[in-house]
Amino acid sequence: MKLRHTLLGLLAMAGTASTQAEVLDIEVVNLTHGIYFTPILVAAHDGDVALFEPGASASAELAAMAEGGDISGLSANVMAAGGAVVENPAEGLLGPAATVMIEDMDTGDLGYLSLTAMLLPTNDGFVGMNSWAIPESPGTYTVYLNAYDAGTEANDEIVNGGGMPGVPGIPVNPGEDGGSGGTGVTMEETNPMVHIHRGNLGDTMADGGPSDLDSRIHRWLNPVAKLIITVE
Amino acid sequence: MTLYPGIRLSLAAGALGLLLTACGGDDNDDDITALQQQVADLQTEIDALAMADSDLSTTLADLSAQLEALEARSVSDEELAALSMELEALTEHIEALQLASQTWYEITLTNLSANQPLAPAALILHDMDYRGWMAGMPASAGLELLAESGSPADFLAEADSPYASMGGGAILMPGEQVTYSLSTNWQPYLALTVASMPVNTNDAFAGVTGWAIGGLLPGDSVSTHLHVYDAGTEANTETAETIPGPAAGGEGYNAARDDLVDAVALHRGVVSADDGYAESALDQSHRFDQGMLAVTVLRR
């Protein structure tokens, strides 16, 4: 993208009109049968800001999103850095196998596109796209997204309303198709950096067992989302 | 353009031959009509080959004119037979040209799973309008049958005027590889669909649809791993009664749709009894991850 800005600069010096606004249509498909996406954040930005970095520590704003679905901090960061955002296009949860369409997102001459949404029911799992380079050529592009673990909370798989950063537990199971009385799968987060989620374990006990999640419902294999991006 | 029109034309010519030997001069009007139909069919094939300005077309126009002249008067069996033979020769010439203009694609499937035999695959060459499924939409009836029982027959039959299609010949065992060949007239926007059921599941299928392969040059190949989908038509109970594969030997297809969501999505894997699901007929060896079916497409 540095090259692109240099070219734009050269064009400007030559006296040519240089702004090339990229307008995008973005279709987001939840590729799972049992996992919900909380309010989605789509951000267009330059190279000096990112929503998350795999392998790096989660920011406080990322943790707030991954643990409780709160995108306000991430959104504010992007705006403060001169980016553009679309917040909560599905007006709530994007359920299993559901699709939401974002139309005419004006990304100006910003170079990258990113996305995050918390995965429910998980402790601190999220679906993410980190700094996808927005193509200059009009066309349709397909991108598959994986499930990440923010690394900020142990995956105990207990649904107890705990969603604030620092509070263990899963805030809610929207499908209401799990169990209760789980004793906890683990108390430990072995990788405190952002990493690829190892998946929910779940169990098949409605009452008790280690997990409040159902191993037959709340599991997935990557990728968990498909984006169809049309550059106009 | 339909596949193998030459067969149809040959049958028509053969039937006409029978007509000529069985009937006398009174039925020559019917014979002339049949020959005129054959002329019309051949003109369609010549146009499809984009050879409207060729010698073939001139020859056909000549035969057509002869036929018109015969229609105006009483015609002998010998004259009709001679005309019929000339049309036959023209038909064979056109069929040879059609065969030479076919492009062949070799599709190699490799089962990379630990313990999931793959049912005979459905393979379809088609245009960019067709899709075998869409993630987020309900599976078609044919896809449901494929994903629950392994049979590709109805899924293949549902494809509307594909360029070419076939069902695989045998189960593909873990670690095995098989190559199928499909041919069609080359199109710039040619696409491929592949679908095959891992048989130790309720309603999983490994596949790709609308994979654009028209850009391959002769001798080029492209490879990928196919996603494993959940058809969304049957609950993933993993019980002995509902899994058709050798792990269980249960029922394959069931018309009722009782899955979590009636929509195609990516498979979340199987749990298995070894992972705490006591009722499962599967053990840990039957688990799989995305990438268990590798495909290579080679254009000859």
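The values are calculated or read from the model by the stated rules, or taken from the named source; none is laboratory data. The structure displayed is predicted, hence computed values, not measured ones. When we count neighbours, we look across all protein chains shown, and the Cβ atoms used for this are built from the backbone with ideal geometry, even at glycine. The area values use the complete protein model at the heavy-atom level, side chains included, leaving out ligands, DNA and RNA. Shrake-Rupley method; radii C 1.70, N 1.55, O 1.52, S 1.80 Å.
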Scan of the range B:188-212 for residues that are of a type in the set (S, T, N, Q), closer than 20 Å to B:H126 by Cβ and within 13 Å of chain A (Cβ to nearest Cβ), ordered by number: B:T209
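So which residues in the range A:177-198 are under 17 Å from A:D124 (Cα atoms) and either open to solvent by less than 30 Å² (accessible area, probe 1.4 Å) or not in a loop (DSSP other than H, G, I, E, B) (or both), if there are any at all? Let's see the steps before the verdict.
Filtering the range A:177-198 for residues under 17 Å from A:D124 (Cα atoms) gives A:184-198.
Once the filter is applied, which keeps residues that are under 17 Å from A:D124 (Cα atoms) and either open to solvent by less than 30 Å² (accessible area, probe 1.4 Å) or not in a loop (DSSP other than H, G, I, E, B) (or both), the range A:177-198 yields A:G184, A:M193, A:V194, A:H195, A:I196, A:H197.
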Of the criteria (1) under 25 Å from the mean Cα position of the chain (by Cα); (2) in contact (Cβ under 8 Å) with a residue 60 or more places away in the chain; (3) open to solvent by 20 Å² or more (accessible area, probe 1.4 Å); (4) more than 14 Å from chain A (Cβ to nearest Cβ), which one B:G215 fails: (2)
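Among the residues that make up the range A:214-232, is at least one of them more than 24 Å from B:E279 (Cβ to Cβ), over 23 Å from the mean Cα position of the chain (by Cα) and touching a residue at least 60 places away in the same chain (Cβ under 8 Å)? Outline the logic, then answer.
Of the residues in the range A:214-232, the ones more than 24 Å from B:E279 (Cβ to Cβ) are A:222-232.
Filter once more, keeping what is over 23 Å from the mean Cα position of the chain (by Cα): A:232.
If we keep only those that are touching a residue at least 60 places away in the same chain (Cβ under 8 Å) as well, we get A:232.
Yes, the conditions are met somewhere in the range A:214-232.
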Subset tally (residues that are out of contact with any strand residue (DSSP E or B) (no Cβ under 7 Å at 6 or more places or on another chain), more than 8 Å from every other protein chain (Cβ to nearest Cβ) and open to solvent by less than 60 Å² (accessible area, probe 1.4 Å)) for the range A:200-217: 4
Quick check on this structure: which one of A:E67, A:E53, A:E61 is more than 14 Å from chain B (Cβ to nearest Cβ) and at pLDDT below 95? A:E53
Inside the range B:258-300, the number of residues satisfying the requirement of being surrounded by fewer than 17 Cβ atoms within 10 Å (Cβ to Cβ), within 30 Å of the chain's Cα centre (by Cα) and within 14 Å of chain A (Cβ to nearest Cβ) is 4
Filtered residue count, the range A:94-111, keeping only those that are surrounded by 21 or more Cβ atoms within 10 Å (Cβ to Cβ) and in contact with a Phe, Trp or Tyr (Cβ under 9 Å, 6 or more places away or on another chain): 2
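Can you say whether A:A154 is buried (at least 16 other Cβ atoms within 10 Å of the Cβ), away from chain B (no Cβ under 12 Å) and without any contact (Cβ under 8 Å) to a residue 40 or more places away in the chain, as far as the supplied structure shows?
Numbers: buried (at least 16 other Cβ atoms within 10 Å of the Cβ): yes; away from chain B (no Cβ under 12 Å): yes; without any contact (Cβ under 8 Å) to a residue 40 or more places away in the chain: yes.
Answer is yes for this residue.
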Would you mind stating whether B:A231 is at pLDDT 95 or above and either among the hydroxyl-bearing types (S, T, Y) or crowded, with 22+ Cβ neighbours inside 10 Å (or both)? yes
Meets criteria (acidic (D, E) and surrounded by fewer than 18 Cβ atoms within 10 Å (Cβ to Cβ)) for B:D203: no
Scan the range A:112-136 for residues that are under 14 Å from A:A58 (Cα atoms) and surrounded by fewer than 19 Cβ atoms within 10 Å (Cβ to Cβ) and jot them down. A:N130
